[in-house]
Amino acid sequence: YFLFFSPTFRVEKIIVSGNEKVAQEDIEALVGQNLENRVLFFKTKSIFSVDLGRIKKDILAKYPQIAEVEANRGFFDAIKVEITERQAVAVWCNQSCFLLDGEGIIFEQVQGTGPGLFIVRNESAEGELGDKKIEKALLSQVLEIKTKTEGAAGVPVKEALPASEERLNLKTAEGWQIYFNLKGDLDWQLTELKLVLDKQISPKK
């Protein structure tokens, strides 16, 4: 009785931290729905009866913007929920556009692409929030190629289209395209690109 029905261990506080995009009130409401359980056919909101795993699962299922959740008991009457939200590394576009995190998961729809946002285009089906639209390894490779192209060759890159397992199309800010062989040596391809730009094509062209 003392553990499960005494007011001493009744959950009275829900402490949420780490959230920025997802409203604290929404998380608190979702956690609150998971507080009441039954012990020997009697209802209880004891901190010892709270299913922390279910709280984590429900939050991740409802909010694609959230990457990780840690739920813990804070003695004696509090549930602590620590949120880690997804961070956008690019925008994934097909017919619509979505923020894309480092794992290749889309988590928030955006209107247009906005200035300064790197776009990864794909010809696959739209999918839903929380779906993985590009493999993490391929996305890392694309971002590395973009960074090195802008750094080594001095060419601003606006969009990327993984056309096949072997080919990546980059669209520059000026509108022309660069084709990379994903299976080839990246540094050598960048050297070739820089030589072409320096020796064969004038800045005016």
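The values are calculated or read from the model by the stated rules, or taken from the named source; none is laboratory data. Not measured: the values here are computed from a predicted model. For neighbour counting, all protein chains shown are included, and Cβ atoms are generated from backbone atoms with ideal geometry for every residue, glycine included. Surface accessibility is based on the protein's heavy atoms, side chains included, excluding ligands, DNA and RNA. Shrake-Rupley method; radii C 1.70, N 1.55, O 1.52, S 1.80 Å.
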### Message
Within segment 142-156, does at least one residue satisfy the condition of being open to solvent by 60 Å² or more (accessible area, probe 1.4 Å), closer than 16 Å to VAL120 by Cα and out of contact with any strand residue (DSSP E or B) (no Cβ under 7 Å at 6 or more places or on another chain)?
### Response
yes
Selection from segment 163-185 of residues farther than 17 Å from LEU139 by Cβ, surrounded by 15 or more Cβ atoms within 10 Å (Cβ to Cβ) and either among the aliphatic types (A, V, I, L, M) or in contact (Cβ under 8 Å) with a residue 60 or more places away in the chain (or both) yields ILE178
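Test LYS62 against the stated conditions and say whether it is over 27 Å from ALA137 (Cα atoms) and open to solvent by 30 Å² or more (accessible area, probe 1.4 Å). Talk me through it step by step, then tell me what you get.
Working: over 27 Å from ALA137 (Cα atoms): no; open to solvent by 30 Å² or more (accessible area, probe 1.4 Å): yes.
No.
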Tell me whether segment 163-172 contains one or more residues that are hydrophobic (A, V, I, L, M, F, W, C) and more than 22 Å from LYS133 (Cβ to Cβ).
no
ask   = Taking the condition modelled with pLDDT of 85 or more and either open to solvent by 70 Å² or more (accessible area, probe 1.4 Å) or farther than 25 Å from GLY102 by Cα (or both), does LEU52 pass?
value = yes
State whether the residues of segment 8-22 include one that is outside any helix (DSSP H, G or I), at pLDDT below 80, among the hydroxyl-bearing types (Ser, Thr, Tyr) and farther than 27 Å from GLU85 by Cα. no
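What about VAL69, is it over 30 Å from ARG10 (Cα atoms) and either without any contact (Cβ under 8 Å) to a residue 12 or more places away in the chain or not aromatic (Phe, Trp, Tyr) (or both)?
On the way: over 30 Å from ARG10 (Cα atoms): no; either without any contact (Cβ under 8 Å) to a residue 12 or more places away in the chain or not aromatic (Phe, Trp, Tyr) (or both): yes.
No: the conditions fail for VAL69.
Evaluate the following for VAL155: is it closer than 23 Å to VAL196 by Cα and touching a helix residue (DSSP H, G or I) at 6+ places or on another chain (Cβ under 7 Å)? Before the answer, list the steps.
Details: closer than 23 Å to VAL196 by Cα: yes; touching a helix residue (DSSP H, G or I) at 6+ places or on another chain (Cβ under 7 Å): yes.
Spelling it out, VAL155 is indeed closer than 23 Å to VAL196 by Cα and touching a helix residue (DSSP H, G or I) at 6+ places or on another chain (Cβ under 7 Å).
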Checked segment 61-81 for anything under 23 Å from the mean Cα position of the chain (by Cα) and acidic (Asp, Glu); matches are GLU68, GLU70
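Strands (runs of 3 or more DSSP E) wholly in segment 119-205 with at least 2 residues that are more than 25 Å from LEU99 (Cβ to Cβ) - which ones? Please lay out each step first, then the result.
On the way: elements: 119-121, 157-162, 167-172, 177-181.
Result: 177-181.
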